[in-house]
Amino acid sequence: MLKLKFKSIVYIVLYAIPNTVLSFGIIYIINNVLSGNPEFSKDYIGIVFLAIVVYTYLLNIIFQKKLNHFSFELLYENEKKIFNQILKAPLILLEKFGKYRFYTAVEDLRTFASLPQTVTHTVNSILMLILGIVYLFLLSVPSAFIVLSLIIIVAVCYLIIMHSMSKQVAELKVYNEQYFKYVDDVMNGFKELKLNFFRRSSLMNKYLSVNRDQSKQLDFKINYVFLSINLISQYGLYMVVAVILFLLPVLGLLETKDVISYVVIILFISGPINNLINLQPIYTQLIVANKRIKNFVKDFHISFEEGVTSERPVARFDSLQYRDMSFSYTGDKEDGFALGPINLEIKEGETIFIVGGNGSGKSTFINVLTGLYEATEGQTILNGTNLKYEQRHNLQSLIAAVFTNNHIFSKNYDNYTLENNKDYIELLKLMSMDKVVEDDKEESARRHYSKGQSKRMSLIFTLLENKPILVLDEWAADQDPHFRKFFYEKLIPKLKAEGKTIIAVTHDDAYFHQADRIIKFDHGQIIKDVQVQKEEKLTESFWA
């Protein structure tokens, strides 16, 4: 899923080879000086040694700059890809898998920030280890075989234990994913939790505490195992040194003069061995994170090769028609709730109220209408042209909406500005928000409001989009009686006079006469589609 670019691999190799040779040169000089080699007792050897140290240091400094560049590019570019692709995913998938999958995917992605350094240290360590082992063979083949065998035995034991920990690391990720859900419950349901002792106690004692206790035990176990097996390298080194000092000379496999050389080389390659051992937990986390990201990409039908869709907004709206349109959450009408078939036409400038009880299909219809859900069957015809789901942006470019669970964004992502915007100032006055939002600054508009005020601000932002179709889902439900009356009797006629096509989900039967049509849903079907006469009162007779 996440791969290093070829250019970065070339840089790693170009760095690793000379760095390894220079590092090996350092140990080669040290070894020969300690062995009393007369060729290495000359004065210039010290200068050569210091020069190698300086060159190695400078090489590492220069490379770390390049390495960090690749590391950050890998992380941040893929974070943008994840965000870009999740915005393309259908709403129904986000509802199915939950937003927490998105949070943990981003968390997993950040694990890959260490990938370039990890790969670099791995390449360096392997190359130095190979050079050290070759040096051992040049001194004594039998001794090198014994030492190498001991290293392999220790490494195999370590890797077996590490492999067995992958499942526990993945399990810990699941606990943390559930933990985020509890955090969300606390932050979004704080008032409800404060009002109900049993609910608060249940969340804390039955769920959150259990989750944290189980996570703590598992996290402790994982870290304890990692810590314990990391000690293998240290005590394994003591064992290998003991074999070199006490066993190999006795067996006549290693001459006394070569014992020092062997010990120095072992101490030298112990660093690369420790690096490889210490990197294993990181590789385990990378493997688990990569698997989880692959599952995330698969579940959300994300293609990282897909380009950004170039949307061409439709310039006008004449009509929207549905022919035998239906939708089911499972794809099977016999299994669970299904909408339709719907046969309906919406014309320019109409004010349509959508009514019905809970579970009647109103919200599902709104999601299909706005292109958030893909109709299972039937035709959608926009301005006389059959519209495929892949062309839904043609319809969405005409629609502005305020949903029941409206959200005021922290930043202005739209193509209008609030500062010095006369339309914005007028809308603040119209919505009685000019005393709440005292200026036209962005930071003044994007703050915490009461539910009713929040809906008003969302409607202001929606109207600033200046789109011909306005969808309002239970907008008036959170308004006080005075402003609810203003909405139906003043605001809707004003918007209609401006040419807006209004589709509003509502339960306010006292104001049904303000609509041109009323469409009633029940069990996913349109059971009534009534043209309203302004003098007619549609209350008891309509609901019957």
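The values are calculated or read from the model by the stated rules, or taken from the named source; none is laboratory data. Predicted model only: the values in this text are computed from it and were never measured. Because the Cβ atoms are built from the backbone with ideal geometry, glycine has one as well, and the counts that use them run over all protein chains shown. We work out accessible area using only protein heavy atoms, side chains counted, and drop any ligands, DNA or RNA first. Shrake-Rupley method; radii C 1.70, N 1.55, O 1.52, S 1.80 Å.
Quick look at the values:
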| quantity | calculated |
| --- | --- |
| Sole exception among (1) within 25 Å of L22 (Cβ to Cβ); (2) open to solvent by less than 30 Å² (accessible area, probe 1.4 Å); (3) at pLDDT 75 or above for A105, by number | (1) |
| Residues of segment 337-355 satisfying the condition of being at pLDDT 90 or above and not hydrophobic (A, V, I, L, M, F, W, C) | P341, N343, E345, K347, E348, G349, E350, T351 |
| Residue ID - modelled with the highest pLDDT, chosen from residues in segment 517-544 that are part of a loop (DSSP other than H, G, I, E, B) and open to solvent by less than 30 Å² (accessible area, probe 1.4 Å) | G524 |
| Complete set of residues in segment 194-214 that are surrounded by 14 or more Cβ atoms within 10 Å (Cβ to Cβ) and of a type outside the set (K, R) | L203, M204, Y207, L208, N211, Q214 |
| Candidate set from segment 73-87 (those that are farther than 14 Å from K294 by Cα and over 9 Å from the mean Cα position of the chain (by Cα)); member that is least open to solvent (accessible area, probe 1.4 Å) | L75 |
| Those residues of segment 397-413 which are in contact (Cβ under 8 Å) with a residue 12 or more places away in the chain and open to solvent by 70 Å² or more (accessible area, probe 1.4 Å), in sequence order | H407, F409, S410, K411 |
| Members of segment 443-473 found to be free of Cβ contacts under 8 Å to residues at least 40 places away in the same chain and of a type in the set (K, R), listed by number | R446, R447, K451, R456 |
| Extreme residue, farthest from G98 (Cα to Cα), among residues of segment 136-180 that are charged (D, E, K, R) and open to solvent by 70 Å² or more (accessible area, probe 1.4 Å) | K167 |
| Residue in segment 226-239 that is β-branched (V, I, T), at pLDDT 80 or above and open to solvent by less than 50 Å² (accessible area, probe 1.4 Å) present | no |
| Some residue of segment 318-328 being of a type in the set (D, E, K, R), open to solvent by 20 Å² or more (accessible area, probe 1.4 Å), modelled with pLDDT of 75 or more and not in a loop (DSSP other than H, G, I, E, B) | yes |
| Scan of segment 47-63 for residues that are hydroxyl-bearing (S, T, Y) and either farther than 13 Å from S23 by Cβ or without any contact (Cβ under 8 Å) to a residue 24 or more places away in the chain (or both), ordered by number | Y57 |
| All positions within segment 241-257 that are open to solvent by less than 50 Å² (accessible area, probe 1.4 Å), closer than 12 Å to V147 by Cβ and either modelled with pLDDT under 85 or not in a helix (DSSP H, G or I) (or both) | L248, L254 |
| Segment 87-100, residues that are under 28 Å from E390 (Cβ atoms) and touching a helix residue (DSSP H, G or I) at 6+ places or on another chain (Cβ under 6 Å) | F97 |
| Flag for K206 being of a type in the set (K, R) and free of Cβ contacts under 8 Å to residues at least 12 places away in the same chain | yes |
| Looking only at segment 1-44, and only at residues there that are over 41 Å from the mean Cα position of the chain (by Cα) and not in a helix (DSSP H, G or I), the one that is modelled with the lowest pLDDT | S35 |
